[in-house]
Amino acid sequence: MKVYEGKIITCDQSGSVYKFLVEDKGRILWTGNVLPDEWSGVHKILLGEGCLVPSFADTHNHFMSHALFSGGLDIRPASSNAEAAEMTVRYEEKSREKITLGFGASEYAVSEKKMITRSELDRVLPAKPVFIVKYDGHAGVINSALLKMLPDSIRTMRGYEPDSGLMTQEAFYKVTDFVTATVSLPDTLKRMLRAADKMAEKGIALIHSCTGVGFPGDMDVTLESVFAKGLRNKIDYRVFFQTMDIKKIKKRSLPRVGGCFATALDGCFGSADAAMNSAYRNSSDKGVLYYSDETVIEFAKQANRTGLQIEMHAIGDRAFDQAVLAISSALKDFPRKDHRHAIIHSCLITDKGLKTCAKLGIAMAVQPSFIHWDQEPLSYLKKIMGDRADRLNPLKTIHAAGVRMSGGSDAPCTVPDPVNGIWAACNHYNKSESLTVQQALNLFTIDAAWMSFDEKEKGSLETGKKADMVILDKDILSYPKGKIRDIKVSQLIVSGNVYKPGQGRIDVIRRGLFSSRKI
């Protein structure tokens, strides 16, 4: 049994803040402002100028991709393509990978203001296959050595550009499948465990991972499911299978479906292929819808009738409208009260679609870190979208409409860091779209737990719930709003115990194979 004394921010429905919290056997026993005499002698943990909040969640995370990339070559710090190429060479000298896998290419964050190319990679690594994924996770650049290895089927796909080496749309997804399949199982597990520990350092104890990128037999889904069940530290892990094949979901008895890849309805702003209702600035192009309305509606109807929770990627307003149409059609076909269907990203929304979401209880899994994103700066967004850039990620508008939102990172696109996400959400470059600090905090706590039907167990510091908590080194509610991202996570507490990093690869698999733990 332990007593926490200081600023206890509960994130309950009333936004209660208390002075004391009592934990016993991994559960919250009591919260209040005056500690009862019966617990006066219990060991106290003094929070000082810090605070205690519920553990954080990341409700849109491509965990396996994040694990593979975060443990490898990261060129996001590069200020030029020449520097990125040099970083690639230095990494390759120490790497034993069959294919050098990197992440973070951006034409907007380098001095050349263009993507690194196949020829630039060939100059530094002519013989070793190289694949550098773009910062937004929707495109990547390959060198000639990798180009020669690719299966012929990729050459006829949309987005295949061998001259520049830039792979987008379907061609990018196929290349990704090919490359990630070359990473060995032991190395993959090592990177996944390291990534879980790194996320715990940021206070994350609930991960919504979107998986299923085309591995043979969907082995990536199998691996993540076993991994999720086998984690020793009791982090809660919810698997979202990125497929429109409902039979695959039924086979695995998963309660939810969706994410990006096969359930992405459009592209992204970084490649200017997010589907728009009006053309991009100085262009006739409106981006790309990957599916017809009929296809998405039929998928949503099947999933909804099966009782699944649905999530779909939609960045542009045209894709957003398609997602709303599909989910609303599914609910008209088979009404469900507590479905918790959601639209991922919802970067550019429409008034009509927002009203429908509010009416039908359609939620949104948003990524506040997109608001201040070095690899995709506001200057670029204004260049391709004009004044519409001021309407991106309209958090306050969505909240005011009564639509439930949860916070995530879209890792590896942005680093999983809820404190940074909270800072971004309450410091929107369009001030009228900023949330309050409490509202922003809720995105990563109680609202996030609600998104995966976990709110009865976690997400707020209330009697009876799991003692999943985070100690921050500053009081987030009274700290200057503009400096919130400087706040540090002092400890993650899971089921009453301080999170301890490190566990064996064999151990996690053995536990996962024989566990009935919820995923």
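Listed values, structure above:
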item	result
Mean-position separation - Cα centroids, segment 367-413 and segment 124-154, in angstrom	29 Å
Unit charges on C-beta of K, R, D, E only; dipole of segment 315-440, Debye	480 debye
Point-charge dipole on Cβ atoms (K/R +1, D/E -1) for the chain, about Cα centre, debye to 20	1040 debye
Counting DSSP beta bridges with both ends in segment 67-180, the antiparallel % (nearest 5)	55 percent
D_trans [Stokes-Einstein, Kirkwood Rh over alpha-carbon pairs] for segment 67-180, 37 °C, 0.692 mPa s, µm² s⁻¹	240 µm²/s
Whole-Hz couplings from phi, Karplus 6.51/-1.76/1.60, listed for segment 417-425; x for Gly and Pro	7, x, 4, 5, x, 5, 4, 5, 5
Per-residue Cβ neighbour rank within 10 angstrom, fewest leading, THR100, THR463, THR117	THR463, THR117, THR100
Net charge dipole size for segment 67-180 [Lys, Arg +1 and Asp, Glu -1 on Cβ; Debye, nearest 20]	180 debye
Space enclosed by the convex hull of the alpha-carbon atoms of the chain, per residue, Å³	145 Å³
Selected from TYR91, ILE484, LEU472, residue furthest toward positive end of dipole (the chain; charges at beta carbon)	LEU472
Unit Cα scatterers, Debye sum, segment 115-214: log10 I(q)/I(0) for q = 0.12, 0.16, 0.20, 0.21 Å⁻¹	-0.48, -0.77, -1.03, -1.08
Rg over Rh [alpha-carbon atoms, Kirkwood Rh] for segment 215-340	1.03
Extension gain from THR436 to SER253, taking 0.36 nm per residue of separation minus the Cα-Cα distance	62.0 nm
Centroid-to-centroid separation of segment 43-121 and segment 278-353 [C-alpha atoms, Å]	30 Å
Sequence of ILE9, ILE116 once ranked by neighbouring C-beta atoms within 10 Å, starting from the fewest	ILE9, ILE116
Translational diffusion of segment 326-470, µm² s⁻¹ [Kirkwood Rh, Cα pairs; Stokes-Einstein; 37 °C; 0.692 mPa s]	204 µm²/s
Likely footprinting exposure, ASP187, ASP417, fewest C-beta neighbours within 10 Å first	ASP187, ASP417
Extension reserve of the THR156-ARG485 stretch, reckoned as 0.36 nm per residue once the Cα distance is removed	113.9 nm
Per-residue [θ]222 nm for the chain (sum of -39500 (n - 2.57) over DSSP H runs n ≥ 4, rounded to 500)	-9000 deg cm²/dmol
Gain on full stretching of the segment that runs from ALA358 to SER379 - 0.36 nm per residue minus C-alpha separation	4.4 nm
Pair GLU298, SER164: separation of 7 Å Cα→Cβ label points (nm)	3.4 nm
Among the listed pairs LYS114/LYS352; LYS247/LYS456; LYS198/LYS396; LYS174/LYS251; LYS174/LYS247, those beyond 28 Å (Cα-Cα)	LYS114/LYS352; LYS247/LYS456; LYS198/LYS396
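A short reminder: the numbers here are calculations on the coordinates, not readings from a lab. Owing to the predicted nature of the structure, the values given are computational and were not obtained by experimental measurement. Ideal geometry is used to build each Cβ from the backbone, glycine not excepted, and the neighbour counts take in all protein chains shown.
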